[in-house]
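The structure under discussion is supplied below as structure tokens; questions concerning it will follow.
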């Protein structure tokens, strides 16, 4: 009897193990057979471009799918709308990753598009968050943040700000500060560029006074000594070598602002295709190579898989609506 019972137990365990094996195999009944397009919804040098090229570096180093090939492309302009319109046209095509930021929620709120990120596309994963900074030309007159803030309070229109796109956290990082200083946001003078890369290039060239941007976009020019970072939207000072950058809170300004980026797929994909890419990105974003990219650009891990990212997008949409209302831009 004991032998029979033992055999039954082994048989049951074998069935359970086999069941898990079948489930695991069926989860990957679809696998990629074509080249992948890694689409950055911004010009070269901008935050979305840097993010996509960081993913490319991890794919090269980790080689999670032997034989997988890809090409990195850029479609800047329109606050990301041009790239997202292109992605919409690729319905049913599982071979395009598009990186975008919270602009995908800001744009429909402000009426620059009717497309909703969580409804019209397939959210793949959230990747990271980064802090917002103010950058100035190292040879310019505003390397002292207190001098700059005094100037804004006395004559806000005399300072020319630059932002990567409108609407964006770049802009909110200016308007919120203006409100805290008692300045009417409508008096702020700002220029919108195609991307963060264009923005920083114009700052280094002396065409604007201040660039409001994500930290990763400004780092290369900061490391080259061409720009100074005079403020950061972090809740507290970040570690060296950036520990000399004061936070808005330290300066008596109640502003904390971070910026997220994530990946989107075309609409109309199968569950198997979404599951495959979601699991792949979970592996990519848990790798040592991805951790190195986070450190390199002063990004912070904020990975969310497909289902959680989809839920987050709806929450962020409502939060973004409140932000726009606070900035006095909600019609």
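List the number of the failed condition for residue 162; all other conditions in (1) modelled with pLDDT under 95; (2) within 20 Å of residue 256 (Cα to Cα); (3) touching a strand residue (DSSP E or B) at 6+ places or on another chain (Cβ under 8 Å) hold.
(1)
Right, next: Residues to consider are 94, 123; find the one that is in the same structural domain as residue 292 (by TED's automatic domain parsing), assigned to a loop (DSSP other than H, G, I, E, B) and buried (at least 17 other Cβ atoms within 10 Å of the Cβ).
On the way: 123 fails: assigned to a loop (DSSP other than H, G, I, E, B).
Only one candidate passes the filter, namely 94.
Quick check: is even one residue across region 272-281 under 19 Å from residue 218 (Cβ atoms), in contact with a strand residue (DSSP E or B) (Cβ under 9 Å, 6 or more places away or on another chain) and modelled with pLDDT of 95 or more?
Our first condition is that a residue be under 19 Å from residue 218 (Cβ atoms); within region 272-281, this holds for none.
Checked region 272-281: no residue is under 19 Å from residue 218 (Cβ atoms), in contact with a strand residue (DSSP E or B) (Cβ under 9 Å, 6 or more places away or on another chain) and modelled with pLDDT of 95 or more.
Now a separate question. Restricting attention to region 281-298, and to residues there that are touching a residue at least 12 places away in the same chain (Cβ under 8 Å) and out of contact with any helix residue (DSSP H, G or I) (no Cβ under 6 Å at 6 or more places or on another chain), which single residue is surrounded by the fewest Cβ atoms within 10 Å (Cβ to Cβ)? If you could, list the steps in order and put the result at the bottom.
At the first step, the residues of region 281-298 found to be touching a residue at least 12 places away in the same chain (Cβ under 8 Å) are 281-287, 289-290, 293-294, 296-298.
Narrowing the set further to residues that are out of contact with any helix residue (DSSP H, G or I) (no Cβ under 6 Å at 6 or more places or on another chain) leaves 281-283, 285-286, 294, 296.
On the way: 281: 24, 282: 14, 283: 13, 285: 24, 286: 11, 294: 18, 296: 13.
By that ranking, first place goes to 286.
Quick one: is residue 192 closer than 28 Å to residue 105 by Cα and surrounded by 24 or more Cβ atoms within 10 Å (Cβ to Cβ)? Before the answer, list the steps.
Numbers: closer than 28 Å to residue 105 by Cα: yes; surrounded by 24 or more Cβ atoms within 10 Å (Cβ to Cβ): no.
No.
For region 50-76, what are the residues that are within 26 Å of residue 197 (Cα to Cα) and outside any helix (DSSP H, G or I)? Let's see the steps before the verdict.
The first filter runs over region 50-76 and keeps only residues within 26 Å of residue 197 (Cα to Cα), leaving 50-61, 70-76.
Within region 50-76, 70, 71, 72, 73, 74, 75, 76 meet the criteria.
One line per residue, one yes/no per condition, for (1) buried (at least 20 other Cβ atoms within 10 Å of the Cβ); (2) touching a residue at least 12 places away in the same chain (Cβ under 8 Å); (3) touching a helix residue (DSSP H, G or I) at 6+ places or on another chain (Cβ under 6 Å); (4) part of a helix (DSSP H, G or I):
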residue: 128; (1), (2), (3), (4): yes, yes, no, no
residue: 131; (1), (2), (3), (4): yes, yes, yes, no
residue: 152; (1), (2), (3), (4): yes, yes, no, yes
residue: 157; (1), (2), (3), (4): no, yes, yes, yes
residue: 161; (1), (2), (3), (4): yes, yes, yes, no
residue: 176; (1), (2), (3), (4): yes, yes, no, yes
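Please specify each residue of region 234-246 satisfying the condition of being crowded, with 17+ Cβ neighbours inside 10 Å and closer than 24 Å to residue 127 by Cα.
Result: 234, 242.
Here is a yes/no grid of residues against (1) under 15 Å from residue 46 (Cα atoms); (2) in the same structural domain as residue 79 (by TED's automatic domain parsing); (3) more than 21 Å from the chain's Cα centre (by Cα):
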{"site": "155", "(1), (2), (3)": "no, no, yes"}
{"site": "161", "(1), (2), (3)": "no, no, yes"}
{"site": "168", "(1), (2), (3)": "yes, no, no"}
{"site": "174", "(1), (2), (3)": "no, no, no"}
{"site": "178", "(1), (2), (3)": "no, no, yes"}
{"site": "204", "(1), (2), (3)": "yes, no, yes"}
{"site": "249", "(1), (2), (3)": "no, no, yes"}
{"site": "254", "(1), (2), (3)": "no, no, yes"}
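Could you tell me whether residue 278 is free of Cβ contacts under 8 Å to residues at least 40 places away in the same chain, assigned by TED's automatic domain parsing to the domain that holds residue 300 and on the phi < 0 side of the Ramachandran plot?
Details: free of Cβ contacts under 8 Å to residues at least 40 places away in the same chain: no; assigned by TED's automatic domain parsing to the domain that holds residue 300: yes; on the phi < 0 side of the Ramachandran plot: yes.
No: the conditions fail for residue 278.
Next up: Please work out if residue 170 is out of contact with any helix residue (DSSP H, G or I) (no Cβ under 7 Å at 6 or more places or on another chain) and within 30 Å of residue 308 (Cβ to Cβ). It would help to see each step written out before you state the result.
Values: out of contact with any helix residue (DSSP H, G or I) (no Cβ under 7 Å at 6 or more places or on another chain): yes; within 30 Å of residue 308 (Cβ to Cβ): yes.
So residue 170 fits the description; yes.
Just name the residue that is farthest from residue 244 (Cα to Cα) out of those in region 221-233 that are surrounded by fewer than 19 Cβ atoms within 10 Å (Cβ to Cβ) and in contact (Cβ under 8 Å) with a residue 40 or more places away in the chain.
Let us first name the residues in region 221-233 that are surrounded by fewer than 19 Cβ atoms within 10 Å (Cβ to Cβ), namely 223-226.
Checking the rest, the ones that are also in contact (Cβ under 8 Å) with a residue 40 or more places away in the chain come to 225-226.
Numbers: 225: 15, 226: 17 Å.
It comes out as 226.
Given (1) part of a helix (DSSP H, G or I); (2) buried (at least 19 other Cβ atoms within 10 Å of the Cβ); (3) in the same structural domain as residue 310 (by TED's automatic domain parsing), where does residue 86 come up short, assuming only one miss?
Condition not satisfied by residue 86: (2).
Right, another one. Does residue 203 satisfy the criteria of being touching a helix residue (DSSP H, G or I) at 6+ places or on another chain (Cβ under 8 Å), in a helix (DSSP H, G or I), more than 29 Å from residue 317 (Cα to Cα) and in contact (Cβ under 8 Å) with a residue 12 or more places away in the chain? Break it down stepwise before answering.
Values: touching a helix residue (DSSP H, G or I) at 6+ places or on another chain (Cβ under 8 Å): yes; in a helix (DSSP H, G or I): yes; more than 29 Å from residue 317 (Cα to Cα): yes; in contact (Cβ under 8 Å) with a residue 12 or more places away in the chain: yes.
It is true that residue 203 is touching a helix residue (DSSP H, G or I) at 6+ places or on another chain (Cβ under 8 Å), in a helix (DSSP H, G or I), more than 29 Å from residue 317 (Cα to Cα) and in contact (Cβ under 8 Å) with a residue 12 or more places away in the chain.
The values are calculated or read from the model by the stated rules, or taken from the named source; none is laboratory data. Keep in mind the model is a prediction, meaning the values are calculated, not measured. Don't worry about glycine lacking a Cβ; one is built from the backbone with ideal geometry, like all the others, and counts go over all protein chains shown.
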